[in-house]
1. Hey, does the range 202-217 have a residue that's in contact (Cβ under 8 Å) with a residue 40 or more places away in the chain and in a helix (DSSP H, G or I)?
2. Of all residues in the range 249-282, how many are under 23 Å from the mean Cα position of the chain (by Cα) and of a type in the set (Gly, Ala, Ser)?
3. Hey, does the range 304-313 have a residue that's acidic (Asp, Glu), part of a helix (DSSP H, G or I) and more than 19 Å from the chain's Cα centre (by Cα)?
4. Is the range 188-198 home to any residue that is in contact with a Pro (Cβ under 8 Å, 6 or more places away or on another chain), closer than 17 Å to ILE161 by Cβ, surrounded by 16 or more Cβ atoms within 10 Å (Cβ to Cβ) and modelled with pLDDT of 95 or more?
5. Which residues, taken from the range 16-40, are in contact with a His (Cβ under 9 Å, 6 or more places away or on another chain) and under 14 Å from HIS104 (Cβ atoms)?
6. Just to be sure, is GLU172 surrounded by fewer than 17 Cβ atoms within 10 Å (Cβ to Cβ) and either within 30 Å of ARG12 (Cβ to Cβ) or touching a strand residue (DSSP E or B) at 6+ places or on another chain (Cβ under 7 Å) (or both)?
7. Does the range 185-200 include one or more residues that are assigned to a helix (DSSP H, G or I) and over 25 Å from HIS230 (Cβ atoms)?
8. Within the range 28-42, track down each residue that is under 15 Å from LEU86 (Cβ atoms) and either among the basic types (Lys, Arg) or surrounded by fewer than 16 Cβ atoms within 10 Å (Cβ to Cβ) (or both).
Amino acid sequence: MSKALPADALERYLTAHVPGDWRDLSMRQYVGGQSNPTFFVKGRGGEAVLRKQPAGRLLPSAHAVDREYRVMQALDGSGVPVPRMLHYCTDASVIGTPFYLMEHVQGRVNRDALVESASPQMRAAMYDAMNETLARLHTVDPVARGLGDYGRAGNYFARQIDRWSRQYRESETHTIAAMDELMRRLPGMVPQDDRASIVHGDYRIENLIYHPSRPTVVAVVDWELSTLGHPLADLAYNCFVYRLPRHAFGGLQGVDLAAYGIPSEAEYAARYIERTGIRPAASWGFYIAFSLFRLAAILQGVLRRALDGNASSPDGVQRGGLAPLCAETALAALDDSPKVE
């Protein structure tokens, strides 16, 4: 779990560099995220959300708060709802790591994909808004937003499989047979499709802020894993919740979706395809398996940080322990997935 921020040093820094009255600074950490610790900070006449790198040993290329700041700043005014960026600090001496400040967006955050507090009609509209916002992101021209160099061109899936295989090995704490099998099989299944869009990388309902009373997405947050990549990787990741049980990320497996107003996985994917015209060049099961494999590698890193005492959330061991389930579900997806077109 992250330690409290040094309030006096932060107050001095904000007073010198960020408009607003930051005297009598107070802060509280948001609970739930597993990556970059996030805090609400408030002074006499200013408030913001601060996001920083975790303390301790970090895996290569992980926890890139500078990339988060850059992509959200670039997307401001693009039609994709993002918080307004306020300041980026490279000086690690202030609070121990680089950090950035963004506006505090008022709204609803849903930690569970079932959104128990909503009516079926509201829930259906919220899922459609999530779908529409993702489609909108994938139609943004990266070059026009100054993000033409935000990721490497081509071979996205091959590069990602290689990257997350290495990340997994570097944080491995025990053998997960399904991960070994996925690392053997996935490289030979990569589709020959080099389409590239701005991808969020962790697009799920938990990382969306909805309007306080309407089924409208007012901000997409947690862009740490964003890059230029294949849009269907984002879509499939958005759909992994359909494959998991309730105890894993509030999964929807076994839920009467129609009764809750939630579209099926195939219906949700089809609506996105209608909006974008982007169709799978491989079996839908490949995209789902890739996304769950990547998630399992991320969770293994969460577990490693928790065991090392550097977790960003108190449930790091519990969350990280879901890596085997995600890997096994990924393998099953290769052989048992609906047809999506």
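1. Taking the range 202-217 first, the residues in contact (Cβ under 8 Å) with a residue 40 or more places away in the chain are 203-206, 208-212, 215-217.
Filter once more, so that each one left must be in a helix (DSSP H, G or I): 205-206.
So far as the range 202-217 goes, yes, one or more of its residues are in contact (Cβ under 8 Å) with a residue 40 or more places away in the chain and in a helix (DSSP H, G or I).
2. Total satisfying the criteria: 6.
3. No.
4. No.
5. Passing the criteria: VAL18, PHE40.
6. Details: surrounded by fewer than 17 Cβ atoms within 10 Å (Cβ to Cβ): yes; either within 30 Å of ARG12 (Cβ to Cβ) or touching a strand residue (DSSP E or B) at 6+ places or on another chain (Cβ under 7 Å) (or both): no.
For GLU172, the condition - surrounded by fewer than 17 Cβ atoms within 10 Å (Cβ to Cβ) and either within 30 Å of ARG12 (Cβ to Cβ) or touching a strand residue (DSSP E or B) at 6+ places or on another chain (Cβ under 7 Å) (or both) - is not met.
7. No; the residues of the range 185-200 include none that is assigned to a helix (DSSP H, G or I) and over 25 Å from HIS230 (Cβ atoms).
8. Keep residues of the range 28-42 that are under 15 Å from LEU86 (Cβ atoms), which gives 38-42.
Listed by number, the residues that qualify are PHE40, LYS42.
The values are calculated or read from the model by the stated rules, or taken from the named source; none is laboratory data. Keep in mind it's a predicted model, so treat the numbers as computed, not measured. Counting neighbours? That spans all protein chains shown, and the Cβs are built from the backbone with ideal geometry, glycine included.
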